[in-house]
Amino acid sequence: MSNKKFTTASFLQSKANGDKITMLTAYDYSTAKLLDEAGIDSLLVGDSLGMVMLGYDNTLQVTVDDIIHHCKAVSRGAKRALIVADMPFLSYHISVEESVRNAGRMIQEANAHAVKLEGGEEVIDKVRAIIKAQIPVMGHLGLTPQSVNMMGGYKVQGKSEAQARKILDDALLLQEAGVFAIVLECVPEQLAKIISEKLEIPTIGIGAGKYCDGQILVTQDMFGMYSDMKPKFVKQYSQLGGVIKQGCEQYINETKAMTFPAPEHTFTIDEEIIKKLY
Ligand code: KIV
């Protein structure tokens, strides 16, 4: 892995070279630093933070200020990865002007390099305006969690011909508008393959099979730190949840047994001084 910064141009170059692009979510300084040092290409400050960091039932309560707060921390931790800030619900739905202003805050205040927003034809005027303001945009099609109430739950999208065609058409429209990559979430592998073949820009899959040009996972899911929901597409690469609980139990036991703190964790002063204080 080279230390060269991963840019939006690197996304396109990776697809041209046949190099898979790796993305994960990050919401804080120390995790971003670890993932960046491990060589991740890009970090998404996703609105999934509403669920895995803030404990909401869905992503709909997340605000622009929430994303900015977490993105600032991530940008301090990551040196090489491209940082993408998620545009939360209602931040790009009301007007073109508001959308550009909110996207601009992600760059100016949060140090993001790009923004991501959900949807195709319905939001294309906002996508075009944000790109016109020189802000790179990543698209997001298929299962778009901000539409959970319209979709009637978190379900695989694009299984009927009409749905599959709409996702393909939206992908082509987003490419034509100038997005640099598109996340495909929870769509059948064969559909993701056709879209990836038809597009010049890369697709980043989550629950979309192995033919996408890159993959993304929610970090708390892949490290077993979030147990409220476990989608089929998640692979747990380690069980940090169990490790954290075990460490905490040991800390509780040692504190009660007074085996922690041990001498190596403790400061002392001259006993003569102490005697004078009694
Ligand atoms: O918010 C998020 O984490 C996302 C990914 C699941 C793509 O949008």
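For the chain, the solvent-accessible area works out to 54 Å² per residue, with a probe of 1.4 Å and every protein chain left in place. When the accessible area of the chain is computed with all protein chains present and a 1.4 Å probe, what percentage of it is carbon and sulfur? Carbon plus sulfur share of accessible area: 56 percent. Between residue 101 and residue 57, residue separation times 0.36 nm minus the direct Cα-Cα distance comes to 13.1 nm.
In degrees, nearest 10, range 0 to 90: what is the angle between the Cα axis of helix 240-256 and the longest Cα principal axis of the chain? Approximately 20 degrees, to the nearest 10. Computed over the chain, the Cα gyration tensor eigenvalues convert (square root of 5λ each) into semi-axes of 41, 21, 19 Å, ordered from largest to smallest. Rounded if a/c is under 1.5, else prolate if a/b is larger than b/c, else oblate: which is the stretch 6-154, with a ≥ b ≥ c the root eigenvalues of its Cα gyration tensor? The shape class here is rounded. Rounded to whole numbers, the Karplus 3J(HN,Hα) couplings from phi for the stretch 89-96 are 3, 6, 7, 9, 10, 7, 7, 4 Hz, using 6.51 cos²θ - 1.76 cosθ + 1.60 with θ = phi - 60°, and x at Gly and Pro.
Legend: residue pairs 126/198; 20/235; 72/245; 4/132; 5/198; 20/210, Cα-Cα distance threshold 19 Å; pairs beyond threshold, 126/198; 72/245; 4/132; 5/198.
Annotation for the stretch 190-237: trypsin sites (Lys or Arg not before Pro) lying in DSSP loop with at most 13 further Cβ atoms inside 10 Å of their Cβ are 210, 232, 235.
The values are calculated or read from the model by the stated rules, or taken from the named source; none is laboratory data. Since the structure is predicted, the reported quantities are computational estimates derived from the model, not experimental observations. For neighbour counting, all protein chains shown are included, and Cβ atoms are generated from backbone atoms with ideal geometry for every residue, glycine included. Keep in mind that these areas ignore ligands, DNA and RNA; they rest on the heavy atoms of the full protein, side chains included. Shrake-Rupley method; radii C 1.70, N 1.55, O 1.52, S 1.80 Å.
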